[in-house]
1. Taking the chain as the reference, fit the longest principal axis to its C-alpha atoms, fit the long axis of helix 2-11 to the helix C-alpha atoms, and give the angle between the two in degrees, 0 to 90, nearest 10.
2. Rounded to the nearest 500, what is the chain's calculated 222 nm mean residue ellipticity when only DSSP H runs of at least 4 contribute -39500 (n - 2.57) each, over all residues?
3. Expressed in nm to one decimal, what extension gain is obtained for the pair residue 98 and residue 135 from 0.36 nm per residue of sequence separation less their Cα-Cα distance?
4. Compute the long axis of helix 14-147 from its Cα atoms, compare it with the longest principal axis of the Cα atoms of the chain, and write down the angle in degrees, 0 to 90, nearest 10.
5. How much length would be gained if the chain were fully extended between residue 40 and residue 152, taking 0.36 nm per residue of separation minus their Cα-Cα distance, in nm to one decimal?
6. Kirkwood Rh and Cα-based Rg: tell me the resulting Rg over Rh for the chain, rounded to two decimals.
7. What translational diffusion coefficient, to the nearest whole µm²/s, does the range 51-98 have by Stokes-Einstein, given a Kirkwood radius computed over alpha-carbon pairs, a temperature of 4 °C and 1.567 mPa s viscosity?
8. Determine the equivalent ellipsoid of the range 92-157 by diagonalising the alpha-carbon gyration tensor, then write out the semi-axes as square roots of 5 times the eigenvalues, largest first, rounded to whole Å.
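Please treat every number below as a calculation from the coordinates, not as lab data. Quantities reported herein were computed from a predicted structural model and do not represent experimental measurements. As a convention, Cβ positions derive from the backbone with ideal geometry for all residues, glycine included, and neighbour counts pool all protein chains shown.
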């Protein structure tokens, strides 16, 4: 009896009924609740798996893009080095060409200056000759005028006339 009264006393407490209701609630709705929770967790796990796959794919793409960018950078650097070397060669060629052209222009100017000097010397020599000839002619006129008389002049003319046929035959 003690035992029955203890059980009866227990049946009267609200905690007991709450516990019974809780157990019955889980027995009735536990399967549905379990399926809903597992479905929700499975859905969340699938979403996380897809996001991880997407992140992995994006990482592979980023790595591929990085490798491509590095290859392009190396190619651009090689191209820049090639262009720099070509520019240096072109600059050296242009400098050599400019030097050769400057030397040629200097030689042309020197030749022109030498030609001008030669022309000036020739002109000076011609002027000196002409001046000497004028002085000599003037001096000869003066000497002839003083020394040659009319009789000597007639004798010179006669001798010139006598020599004229021989001079014409020689020509």
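1. Once rounded, one gets 40 degrees.
2. Taking each H run of at least 4 residues, the total per residue is -36500 deg cm²/dmol.
3. Net length gain for the segment: 7.9 nm.
4. 0
5. The residue 40-residue 152 span can extend by a further 24.7 nm.
6. Ratio of gyration radius to Kirkwood radius: 2.05.
7. Details: Rh = 13.5 Å.
Translational D for this selection: 96 µm²/s.
8. Working: eigenvalues 696, 15, 3 Å².
Result for the range 92-157: semi-axes of 59, 9, 4 Å.
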